[in-house]
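The values are calculated or read from the model by the stated rules, or taken from the named source; none is laboratory data. Everything numeric here is computed off the predicted structure, so don't read it as measured data. Every residue, glycine as well, gets a Cβ built from its backbone with ideal geometry; the counts of neighbours run over all protein chains shown.
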């Protein structure tokens, strides 16, 4: 190699080495960081009363998946329909689903006392727990599930409740899984619940 080429080789090698180092630094700095799955903030601790006035908390449901539905006993159509669909799913689960539970949480505690709630759900599967509480307790649960509930006055007097019609699926640790489709064939929905036991 000629002396002139030797003199050019050293700066060229240094330039290329610097270019590689710069590219590596840029990649490390600008490359997207791996995405970490966010823990869902739907659901959480609650303290409510069942139809017999007993206290029920989220800890009582650990060990098996459960469904949560918000509604009220004066609801003309959505609530009884959803509760019927949930009942059919629990029935389809059979004896293997003995540990499965569904919560029917009132958004109208003013009218839905424990006695009223107990009477109302007696027409549905016994694994559906009807829960009520003070207005403050209900408001906390509605908020923690990111649900919606609002009193709407009726022209003829009295009121109804506008509310979320979503059915929530919680896992065996009480963590939110997603919305649960109760309108599909009951056997298919039961399979999904049983798979999570």
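Based on this model, can you work out whether residue 75 counts as more than 20 Å from residue 187 (Cβ to Cβ), at pLDDT 65 or above, in the same structural domain as residue 150 (by TED's automatic domain parsing) and not in a loop (DSSP other than H, G, I, E, B)? I'd like the intermediate steps shown before the answer.
Numbers: more than 20 Å from residue 187 (Cβ to Cβ): yes; at pLDDT 65 or above: yes; in the same structural domain as residue 150 (by TED's automatic domain parsing): yes; not in a loop (DSSP other than H, G, I, E, B): no.
The answer is no for residue 75.
Can you tell me which residue in region 110-150 is surrounded by the fewest Cβ atoms within 10 Å (Cβ to Cβ), limited to those that are part of a helix (DSSP H, G or I) and within 17 Å of the chain's Cα centre (by Cα)?
143
Would you be able to say whether some residue in region 73-86 is touching a helix residue (DSSP H, G or I) at 6+ places or on another chain (Cβ under 6 Å), free of Cβ contacts under 8 Å to residues at least 60 places away in the same chain and within 22 Å of residue 119 (Cβ to Cβ)?
The answer is yes, given that some residue of region 73-86 is touching a helix residue (DSSP H, G or I) at 6+ places or on another chain (Cβ under 6 Å), free of Cβ contacts under 8 Å to residues at least 60 places away in the same chain and within 22 Å of residue 119 (Cβ to Cβ).
Applying the selection to region 89-109, what residues are part of a helix (DSSP H, G or I) and surrounded by fewer than 18 Cβ atoms within 10 Å (Cβ to Cβ)? Give the steps one after another, and end with the answer.
As a first pass, look at region 89-109 and keep what is part of a helix (DSSP H, G or I): 89-97.
The answer is 91, 92, 94, 95, 96.
Filter region 160-190 for residues that are outside any loop (DSSP other than H, G, I, E, B) and loosely packed, with under 14 Cβ neighbours inside 10 Å and give the result.
162, 178, 179, 187, 188 - these are the residues of region 160-190 that are outside any loop (DSSP other than H, G, I, E, B) and loosely packed, with under 14 Cβ neighbours inside 10 Å.
If a residue must be farther than 15 Å from residue 55 by Cβ, touching a strand residue (DSSP E or B) at 6+ places or on another chain (Cβ under 8 Å) and touching a residue at least 40 places away in the same chain (Cβ under 8 Å), how many such residues does region 125-149 contain?
5
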